[in-house]
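Colleague: Let me begin by handing over the structure; questions about it come next.
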Amino acid sequence: MDKPLFITSDKEYRHKLKTVENLVALNPEPKSLEGIRLKHLASQVEMYEKLHFDCGQKLIKARKIREEIWPTIRENGLFFDTTNISSLKAQLTKIIKRNL
């Protein structure tokens, strides 16, 4: 059976990450077998990390945005008065863009 081109478990991720670390320590030539293997494994590890760990970073950003937005909403009385909504929308958009 062929091996998948991507990492399928945390155990496999940890094993490949350790292999990448060991290969980096050897500092192989890019076109050597070790260099090609390093590039291949590093891309697998990077993809796994993006899929499994990037969500945490997005949650941190969302929490930071929320902490910055709520005082702005309270100051502008959004809960009670919606007459100044376009100005508030512009302020909130600026906060969100600054944090992305």
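Colleague: Across region 1-58, which residue is modelled with the highest pLDDT among those that are in a loop (DSSP other than H, G, I, E, B) and either touching an Asp or Glu at 6+ places or on another chain (Cβ under 6 Å) or surrounded by 14 or more Cβ atoms within 10 Å (Cβ to Cβ) (or both)?
Modeller: Initial filter on region 1-58 (in a loop (DSSP other than H, G, I, E, B)): 1-9, 27-32.
Then keep just the ones that are either touching an Asp or Glu at 6+ places or on another chain (Cβ under 6 Å) or surrounded by 14 or more Cβ atoms within 10 Å (Cβ to Cβ) (or both); that gives 7, 28.
On the way: 7: 87, 28: 90.
That would be 28.
Colleague: I would also like to ask the following. Restricting to region 22-43, name every residue that is among the charged types (D, E, K, R) and closer than 19 Å to residue 6 by Cα.
Modeller: Pass one, region 22-43, residues among the charged types (D, E, K, R): 29, 31, 34, 37, 39.
Of everything in region 22-43, those that are among the charged types (D, E, K, R) and closer than 19 Å to residue 6 by Cα turn out to be 34, 37, 39.
Colleague: Enumerate the pairs (first residue in region 8-21 and on the phi < 0 side of the Ramachandran plot and touching a residue at least 12 places away in the same chain (Cβ under 8 Å); second residue anywhere and surrounded by 15 or more Cβ atoms within 10 Å (Cβ to Cβ) and not in a helix (DSSP H, G or I)) with beta-carbon separation below 9 Å, excluding pairs fewer than 6 apart on the same chain, so at least 6 apart or on different chains.
Modeller: Final answer for the pair search is 13/7; 16/7.
The values are calculated or read from the model by the stated rules, or taken from the named source; none is laboratory data. Worth saying up front: this structure is predicted, and the values here are computed from it rather than measured. As a convention, Cβ positions derive from the backbone with ideal geometry for all residues, glycine included, and neighbour counts pool all protein chains shown.
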